[in-house]
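Remarks on the structure that follows.
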Amino acid sequence: MGLSRRPNILLIMADDLGFSDLGCYGGEIDTPNLDRLAEQGLRFTRFYTNAKCSPSRASLLTGLYAEQVTEKGDLHTLHARNNITIAELLRLAGYRTLAAGKWHNGAEPERRPVARGFERFWGLLSGCSNYFNPGERRDGEPEPGRKSEDEMRPWCDQDTILHPFTPTDPDFYTTDAIADHAIRFLDECGTGEAPFFLYLPHCAPHFPLQAWPQDIARYRERYTAGWAEIRQRRYARLLELGLIDSRWGLPAADERSESSYANLGEHAVETMAVYAAMVDRLDQSIGRVLGKIRDLGQEDNTLVLFLSDNGGCAEEIHNTPHLPPGTIDSYQTVGAAWANASNTPFRLFKDFDHEGGIATPLIASWPAVIKGGGLVHDVGHILDFLPTFAELAGVEVPSEYEGRGVLAPEGRSLAPVLRQKGSVGGDRELYWMIGGARAMRQGKWKIVTQGPERIQAGIPIQAGHEAWELYDMEADRCELYNLAHRHPERVESMSESWNAWYTRCLADTGK
Ligand SMILES: [Ca+2]
C-alpha cells in the first residue's frame, strides 16, 4: 500500500518491566503476542528511558527532559509553560488522540490527559493501586490490600475524577480493564478517515503483585530453580539472540539479592510466579487490542511500539507476609533478587541511572513499512518519540502553542530507522537525573553516580557511591570496569557538561 495515508500509532508502555522479561528479550515468561510483533518488526537493543515512572512519561509526552517540564522538586507533574505534548501535536495534525492506562503526570484539572490533548481518557491518575479493587471493600470480599492504611488512588474517566474508584464488576482487573477501554475507544474513533494515536501506558507489572489464579498456576513450576539460575539462563538466551555483546560479562548478583530472597520465605517462588502472570496477562490484553486493530482493517498501516518506563523494581514492600502474593487482600513487591533477574544482564534497578534502571526493550512493528524484522543497535531514548511522530504525521513541532513558547525537542527522529533507510545518528549526548542518581552518555562513554547516601523509594543506597564512575559502553555495558581513575580529564569534562545541562533545565522550567 502507498504511504499517502499517515500511520496510526499505538504506543504501549509497561510499568517497571525488566530488560529481559519478555520472551523475545531472553525471558521465560510467555509473551506470544509481543514476540510476534518482534518477529515481524524491529527490536532495539540500546534504547533508554528515565529511571522512574513520572519522569519517563513526562519525557515521552513532550520530547523534553523531565527536569525541563516538571515542577521543581516534584517530578510527578507536567507543567504547560514551555512544551507541547504528543497528543496536542498529533491533534494539530488531524489525529484522533486516545489514552487508556496510567497517567502519573499530575491530577489537577489543567494537568489531566483531556487538558493535554487527549480526546479520550480512562485510567489511573497516580502511580499504582490495587489491581482487583482500587477503592472501598465490596460485600463478600476482604479489605483490598493497600500500600498504606485507607490509601485509595484517584482514577479518571474523561474529566471526571473517580475517588474512591470501587468497580462494580466483580471480575474487574486493571490490565483487562485498560484493554477494554482501549478497544472501546478504537470502536468509537478508529474507523474514520483520520488516523488514530492510542497511548496505552499499562500499570503492570508494577506492584502490588496481583494476578488471576489461572495465570499464576501456569508459572509455579517455572521458578523453582530460583532467581540466580533464572538470571544465568536469561544471560545465555540474550547472548544467543544477539541482544547483548559477548564482551559484556554478567555482573555478580546484586548485594541485596540474597537477603531479599531469604525474606520471601515460603513465598519465594510464588512471588515471581505472580509477577510472571501479570506480564503474561499484559501480553494477552495486548493481543486483544491488536485483534481489534486487525478487525478494523488497520493492521498494515499501524505503527505499534512497546517499551517499559524503567527497569525492574527492587523495592521491598511486604505488607501482608501472612498471605501468599497475588490475591485482592495482599500487597507486596517482587523484591530485589527477582528484580535483579528481571534486569539481566544489567546492574541495579528502577531509581538508579545505571543500565538496570534505564535500559528498556523497544519493539517496533509496522507491517506496511518494516519488512523482515531484525535488531537495531542505535542508541535511542524515550525523548525520540515526539520528533518521530511529528515526522510520520507530517507536522512541524511549533515554536509556540496556545500562547506559550515551546522548547525545541531534545530527541531525534527514529523515522529513518523505522523505514529501514537510515540510523538515529551516532555520538549522542544524553542526560539523566533521579534523586541523587545522575548520568550522562557521550558517544560510547557514560558517567554515572548513585549519589549521596539516601533511601530512594525504599531502597537503601550505601555511602561510598557518590563519585562519578566512567564506563566504555561498547566494551562494558554491564558497568563492571570503572575507568574514572584512568581518564580523570574525561570525567571532569563530562561532569561539567552534566552541570551545564542541569543549569539549563532549571532555567527552561521557567518559574
Ligand atoms: Ca515505572
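Please treat every number below as a calculation from the coordinates, not as lab data. Since the structure is predicted, the reported quantities are computational estimates derived from the model, not experimental observations. Here the Cβ is made from the backbone with ideal geometry for all residues, glycine too, and neighbour counts use every protein chain on show.
Here's the picture: charge each Lys and Arg Cβ at +1 and each Asp and Glu Cβ at -1 in region 384-456, and of L392, G436, V406 the one pushed furthest to the positive end of that dipole is G436.
Only DSSP H runs of four or more residues enter the estimate; each adds -39500 (n - 2.57), and after division by the residues of the chain the mean residue ellipticity at 222 nm equals -8500 deg cm²/dmol.
With an 8 Å Cα cut-off and a minimum separation of 6 or more residues, compute the relative contact order for region 8-425 in percent. Once normalised by length, the contact order is 30 percent.
Computed over the alpha-carbon pairs of region 8-425, the distance histogram in 20 Å steps reads 28, 60, 11 percent, short to long. Residue-wise HN-Hα couplings along region 340-352, as the Karplus relation 6.51 cos²θ - 1.76 cosθ + 1.60 with θ = phi - 60° gives them from phi, are 4, 5, 4, 8, 3, x, 8, 8, 6, 9, 2, 6, 10 Hz; Gly and Pro carry x. List the trypsin sites (Lys or Arg not before Pro) within region 391-483 that DSSP assigns to loop and that have no more than 13 neighbouring Cβ atoms inside 10 Å. Here the sparse-neighbourhood loop sites are K421.
Between E469 and V448, T449, the built amide H atoms are under 5 Å apart, and every one of these is 5 or more places off in sequence or on another chain. Along the charge dipole of the chain, which of T344, H181, L375 sits closest to the positive end, that is, farthest toward it, with unit charges on the beta carbon of Lys, Arg, Asp and Glu (+1, +1, -1, -1)? Of the candidates, L375 comes out farthest on the positive side. Of the beta bridges in region 8-425, as assigned by DSSP with both residues counted there, near 40 percent are antiparallel. Less than 5 angstrom separates the built amide H of R96 from those of F196, F197, all sequence-distant by 5 or more or on a different chain.
For the pairs K52/K72; K52/K444; K102/K147; K72/K102; K52/K102, note any where the Cα-Cα span goes beyond 19 Å. From K52/K72; K52/K444; K102/K147; K72/K102; K52/K102, over 19 Å: K52/K444; K72/K102.
Between the amide H of L362 and those of F44, distances stay under 5 Å, these residues lying 5 or more places away or on another chain, with hydrogens modeled in the peptide plane.
Using the Karplus relation 6.51 cos²θ - 1.76 cosθ + 1.60 with θ = phi - 60°, the per-residue 3J(HN,Hα) values for region 94-109 come to x, 7, 7, 10, 10, 8, 9, x, 9, 8, 6, 10, x, 9, 5, x Hz, with x marking Gly and Pro.
Once you reduce region 245-298 and region 417-441 to the center of their Cα atoms, the two points are 25 Å from each other. Computed about the Cα centre, the dipole magnitude for the chain is approximately 1200 debye when only Lys and Arg (+1) and Asp and Glu (-1) carry charge, each at its Cβ. For region 317-425, GluC sites (Glu not before Pro) are listed when DSSP marks them as loop and at most 13 other Cβ atoms sit within 10 Å of their Cβ; the list is E396, E402. If you take the Cα centroid of region 460-511 and the Cα centroid of region 103-170, the two points sit 38 Å apart.
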